[in-house]
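Everything below concerns the one structure shown next.
The values are calculated or read from the model by the stated rules, or taken from the named source; none is laboratory data. These figures come from a predicted structure and were not determined experimentally. Counting neighbours? That spans all protein chains shown, and the Cβs are built from the backbone with ideal geometry, glycine included. Note: accessible area is taken over every heavy atom of the protein model, side chains too, but ligands, DNA and RNA are not part of it. Shrake-Rupley method; radii C 1.70, N 1.55, O 1.52, S 1.80 Å.
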Amino acid sequence: MFLGLEEMKYFKLRYTLVVGVIVLVAYVAFMLSGLANGLAQGVRQGVDQWEATSIILSGDANKSLNASSLVMDDLTHVKAQNVEPLGQYAGALNKVGKNKEADKINISLFGVAENSSIKPKLVEGRYFENAGEIIIPQNLVDKGIKLGDAVKIGKLDKELKVVGITKQNSFSIVPLIYTSLDQWQELKFSKIIEGAQAPINGIVVRKTPTNKIKLETTDDHLVKYGIEEFIQKLPGYSEQNLTLNAMIYFLFVITAAIIGIFIYVMTLQKTSLFGVMKAQGISNGYIIKSIIAQTFILGVIGVLIGVILTLLTNLVLPSAIPFELDSTNLLVYSIVLIIVAVLGGVFSIRTVTHVDPMKAIGG
């Protein structure tokens, strides 16, 4: 290690360039990781907030909440604890008085029972109690909608009043609003249907594990899914995760190749030096340890600077960009980048072991 450190001090510019390459690759990998995690959270945040074990959908819905069609009477066929009916609507919201197309904000809306246990916690205001009342997430407040505002959603002529605000919440990457089942029906079907045949999209189950939920039906129109299985089927969720993670994994391979090429070229330039060292009795093992120590130090410095740059970037990114760093992912990717940097240095070991001292010093 002493030899490697001394060489790095002597050839500062050369090794600064190597560190610069590792910094750039690490920075891109960490930023992609943050974007992948931010997008994933934007899609699934509203479902995670339920803290549910399972969801019941209609058998022909292909695990899609929006395509699922159930009725309130189906609740009596689900034997489990804490069973909650759920309606879903996707549309656009306009603040009353702002009717331009550009002022519309895409939203998701969940209709739940007024005493439902899957309602999000409020940070301001109160829950909906009367017709025409909704609660909105902080990410809609950031877009200019405030407590007490009147808004319009979709084609419904009636104005809806914002009576409560929750923490940031989203579903399918757009802000998630909650309201009563009656108000959801009016939005989606332009009328309120009461009784056992009142429509809903799904039934959320908390506390009871999926394998212990009993569906007492004479046909297979009800199907139960574990909550993670349901999330994996949310539109675009798996595809975007696979795409962004594949880009990160390719970056790891590219890092190993770049570091390997840099170290290999620098090793070739030092063939004469290694020949002299071998002629003086310095073993291959000592030289190899020096190269590995060098690449390890370069990797640690490069990754550390990449982490700092990523954290600083996170502070100035606008809230509209779905960016969320996961400390576990950051740690794992840092370790992987350092390992692939060391592996890149290992490529040049064969060159060192084949250096002939006599040829190297021109004997």
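Restricting to segment 312-341, what's the tally of residues that are surrounded by 13 or more Cβ atoms within 10 Å (Cβ to Cβ), under 26 Å from ARG44 (Cβ atoms) and not β-branched (Val, Ile, Thr)?
11
For segment 152-169, does any single residue satisfy the condition of being out of contact with any Lys or Arg (no Cβ under 9 Å at 6 or more places or on another chain), modelled with pLDDT of 90 or more and of a type in the set (Ser, Thr, Tyr)?
No, segment 152-169 contains no residue that is out of contact with any Lys or Arg (no Cβ under 9 Å at 6 or more places or on another chain), modelled with pLDDT of 90 or more and of a type in the set (Ser, Thr, Tyr).
Look at segment 128-148 and say how many of its residues are charged (D, E, K, R) and open to solvent by less than 20 Å² (accessible area, probe 1.4 Å).
Here the count works out to 1.
Of the numbered conditions (1) over 30 Å from ASN94 (Cα atoms); (2) surrounded by fewer than 16 Cβ atoms within 10 Å (Cβ to Cβ); (3) more than 27 Å from the chain's Cα centre (by Cα), ILE192 fails exactly one; give the number of that condition.
(1)
Identify, from the list GLY260, GLY281, the residue that is over 30 Å from PHE30 (Cβ atoms) and either open to solvent by 60 Å² or more (accessible area, probe 1.4 Å) or not in a loop (DSSP other than H, G, I, E, B) (or both).
Selected residue: GLY281, the only one of GLY260, GLY281 that is over 30 Å from PHE30 (Cβ atoms) and either open to solvent by 60 Å² or more (accessible area, probe 1.4 Å) or not in a loop (DSSP other than H, G, I, E, B) (or both).
Would a scan of segment 237-252 turn up a residue that is loosely packed, with under 14 Cβ neighbours inside 10 Å, under 14 Å from the mean Cα position of the chain (by Cα) and on the phi > 0 side of the Ramachandran plot?
Within segment 237-252, none of the residues are loosely packed, with under 14 Cβ neighbours inside 10 Å, under 14 Å from the mean Cα position of the chain (by Cα) and on the phi > 0 side of the Ramachandran plot.
Among the residues of segment 159-171 satisfying the criterion of being within 31 Å of the chain's Cα centre (by Cα) and open to solvent by 40 Å² or more (accessible area, probe 1.4 Å), which is farthest from LEU65 (Cα to Cα)?
Out of the qualifying residues, it is LYS167.
Just one of LEU244, LEU234, LEU187 is under 30 Å from VAL303 (Cα atoms) and out of contact with any Pro (no Cβ under 9 Å at 6 or more places or on another chain); which is it?
LEU244
Scan segment 20-48 for residues that are surrounded by fewer than 22 Cβ atoms within 10 Å (Cβ to Cβ) and more than 15 Å from the chain's Cα centre (by Cα) and jot them down.
Once the filter is applied, which keeps residues that are surrounded by fewer than 22 Cβ atoms within 10 Å (Cβ to Cβ) and more than 15 Å from the chain's Cα centre (by Cα), segment 20-48 yields GLY20, VAL21, VAL23, LEU24, TYR27, VAL28.
Identify, from the list LEU156, LEU109, LEU176, the residue that is aliphatic (A, V, I, L, M), under 13 Å from ALA92 (Cα atoms), surrounded by fewer than 22 Cβ atoms within 10 Å (Cβ to Cβ) and in contact with a helix residue (DSSP H, G or I) (Cβ under 7 Å, 6 or more places away or on another chain).
LEU156
If I filter segment 306-327 down to residues being in contact with a Phe, Trp or Tyr (Cβ under 8 Å, 6 or more places away or on another chain), aliphatic (A, V, I, L, M) and assigned to a helix (DSSP H, G or I), which single residue comes out as farthest from ASN37 (Cα to Cα)?
Among those residues, the one meeting the criterion is LEU309.
Using beta carbons and a limit of 6 Å, which pairs, at least six apart or on different chains, have the first residue in segment 50-69 and over 16 Å from GLY236 (Cα atoms) and the second one assigned to a helix (DSSP H, G or I) and open to solvent by less than 10 Å² (accessible area, probe 1.4 Å)?
Short answer, once both residue conditions are applied: ILE55/PHE230; SER68/ALA61.
From THR243, THR208, grab the single residue that is out of contact with any Leu (no Cβ under 9 Å at 6 or more places or on another chain) and part of a loop (DSSP other than H, G, I, E, B).
Residue meeting the stated conditions: THR208.
For segment 146-164, name all the residues that are assigned to a strand (DSSP E or B) and either of a type in the set (Lys, Arg) or free of Cβ contacts under 8 Å to residues at least 60 places away in the same chain (or both).
ALA150, VAL151, LYS152, LEU160, LYS161, VAL162, VAL163, GLY164
Please go through segment 212-254 and give me each residue that is within 30 Å of LEU24 (Cβ to Cβ), modelled with pLDDT of 85 or more and among the β-branched types (Val, Ile, Thr), ordered by number.
Hit for segment 212-254 is THR243, nothing else.
Can you go through ILE297, ILE291, ILE301 and tell me which one is touching a residue at least 60 places away in the same chain (Cβ under 8 Å), assigned to a helix (DSSP H, G or I), within 17 Å of VAL18 (Cα to Cα) and open to solvent by 50 Å² or more (accessible area, probe 1.4 Å)?
Answer to the check: ILE301.
So, of the residues in segment 61-99 that are under 22 Å from GLN183 (Cα atoms), part of a loop (DSSP other than H, G, I, E, B) and among the aliphatic types (A, V, I, L, M), which turns out to be nearest to the chain's Cα centre (by Cα)?
Checking each candidate, the answer is LEU65.
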